1. What are the residues in segment 315-343 that are within 14 Å of residue 292 (Cα to Cα), within 15 Å of the ligand (Cβ to nearest atom), in contact with a helix residue (DSSP H, G or I) (Cβ under 6 Å, 6 or more places away or on another chain) and not in a helix (DSSP H, G or I), if any?
2. Would you tally the residues in segment 167-182 being more than 22 Å from the chain's Cα centre (by Cα), assigned to a loop (DSSP other than H, G, I, E, B) and touching a residue at least 24 places away in the same chain (Cβ under 8 Å)?
3. Which residues, taken from segment 88-123, are farther than 16 Å from residue 59 by Cβ and buried (at least 19 other Cβ atoms within 10 Å of the Cβ)?
4. Could you tell me which numbered condition residue 390 fails, if it satisfies all but one of (1) more than 24 Å from residue 18 (Cα to Cα); (2) more than 16 Å from the ligand (Cβ to nearest atom); (3) outside any loop (DSSP other than H, G, I, E, B)?
5. Can you tell me which residues in segment 137-156 are away from the ligand (no atom under 15 Å from the Cβ), at negative phi and either under 21 Å from the mean Cα position of the chain (by Cα) or crowded, with 24+ Cβ neighbours inside 10 Å (or both)?
6. Of all residues in segment 134-155, count the ones that are assigned to a helix (DSSP H, G or I) and either more than 22 Å from residue 221 (Cβ to Cβ) or in contact with a helix residue (DSSP H, G or I) (Cβ under 6 Å, 6 or more places away or on another chain) (or both).
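Here, each number is a calculation from the coordinates, and none is a lab measurement. Computed from a predicted structure; not experimentally measured. Cβ: placed from backbone, ideal geometry, glycine included. Neighbour counts: every protein chain shown.
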Ligand code: NAD
């Protein structure tokens, strides 16, 4: 499939191939799992505020559904393409299996710069996209969630569009919704909180005191801002954060609560706020720190900058932030990597809680959510660490192999239809 031939899809397949070879995966399964199960490209005509109609391109890819409905976010970003969406869908499959969630992987996206749309345009785009992918989604089929450029409001519009088509409210068709329509407590911060839970486990493993821990976070959106806030609350010193325009550095630790308040008020770019010195995104990645958290886009740590990393732990908040060549360099430098499919699985874990609550029409307390999230994430971390030790492999390969093995078992038990 030529449309899949993109750097991000090549990265996902190369990682899969490495893990599949190490585990000697059945060759028939290998061919199937390298490709999406189902993919859809849609045209999305949108009436813009000035009256003209603009046509956007959207995608939804389901990588695998052998273990349950497929699950995965929806990304609004100008660079979205089929290869990227298919790669993200594949990573979702391994992530759900690693955390033992009864889901397969999916992903969706629209090639659009959402910040350049008015609220009305964004709503019309979202509703038309939801209508176009309607045949694929549903609480028992495929359940979208937020990702880069989308949020709870976008999920609410998708839930409403789907519900209007079937004639009754279907909260379980998406996760990451507002609380008023069946969202879950703790979902918004879940990915960041999960990054912190596994980072704390890694610090414990490496015998590093949280009070001497410094943290640099690339990306200050959903994942990055909550990771920075909760690391700060846990007692670490967050010395740098950035968004697409660059970041701020303060060796004594940034005042994250005040910084967040000022950032959310808008008005000034992050790197113009009076909390530290300006740093570029490239400089941030090379800062000396205990924990580096890439929490923006994929392929940020490359063969070009990997040898300059000066962190002890790389906690991958983003999906696919490290290229294959960079991964090799990072391992050689002895950096402890918490791979993306483990580090950022908090989002899909609490999405799973939301879906369960919607199905039961019974909602949990915030403490239930946090305790269960911590339980699942620390045990996935422990199993991955142990597996990596017993197989003498990296945390990334151990996480991938565990996830892939569960999916392979499901395929082998179900057999080939027809
Ligand atoms: P978001 O849109 O809320 O935030 C993205 C952040 O990255 C913003 O601060 C943006 O300014 C910054 N950014 C964009 N391009 C950048 C660049 N070139 N350099 C530096 N910074 C840049 O998105 P998010 O939901 O926080 O997702 C971030 C990453 O985490 C993505 O890789 C996403 O797939 C992954 N992820 C998100 C979730 C979730 O629940 N939202 C779950 C798992 C993984």
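1. Correct list: 315, 316, 317, 338, 339.
2. So in segment 167-182, the residues more than 22 Å from the chain's Cα centre (by Cα) come out as 167-170, 180-181.
Applying the additional criterion that residues be assigned to a loop (DSSP other than H, G, I, E, B) yields 167-170.
With the extra rule that they be touching a residue at least 24 places away in the same chain (Cβ under 8 Å), the set shrinks to 170.
Final tally of qualifying residues: 1.
3. First, pick out the residues of segment 88-123 that are farther than 16 Å from residue 59 by Cβ: 93-104, 113, 115-123.
93, 94, 95, 96, 97, 98, 99, 101, 103, 104, 117, 122, listed by residue number.
4. (1)
5. Taking segment 137-156 as the starting set, the residues that turn out to be away from the ligand (no atom under 15 Å from the Cβ) are 137-142, 156.
Going one step further and asking which of them are at negative phi, we end up with 137, 139-142, 156.
Once the filter is applied, which keeps residues that are away from the ligand (no atom under 15 Å from the Cβ), at negative phi and either under 21 Å from the mean Cα position of the chain (by Cα) or crowded, with 24+ Cβ neighbours inside 10 Å (or both), segment 137-156 yields 137, 139, 141, 142, 156.
6. The initial filter retains those residues of segment 134-155 that are assigned to a helix (DSSP H, G or I), namely 152-155.
In the following step, the residues that additionally are either more than 22 Å from residue 221 (Cβ to Cβ) or in contact with a helix residue (DSSP H, G or I) (Cβ under 6 Å, 6 or more places away or on another chain) (or both) were identified as 154.
Selection size over segment 134-155: 1.
Here is a yes/no grid of residues against (1) touching a strand residue (DSSP E or B) at 6+ places or on another chain (Cβ under 6 Å); (2) assigned to a helix (DSSP H, G or I):
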| site | (1), (2) |
| --- | --- |
| 299 | no, no |
| 311 | yes, no |
| 351 | yes, yes |
| 362 | no, no |
| 375 | no, yes |
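Listed here are the residues, each with its yes/no results for (1) surrounded by fewer than 24 Cβ atoms within 10 Å (Cβ to Cβ); (2) touching a residue at least 24 places away in the same chain (Cβ under 8 Å).
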| residue | (1), (2) |
| --- | --- |
| 348 | no, yes |
| 354 | no, yes |
| 365 | yes, yes |
| 371 | yes, no |
| 374 | yes, yes |
| 384 | no, yes |
| 399 | no, yes |
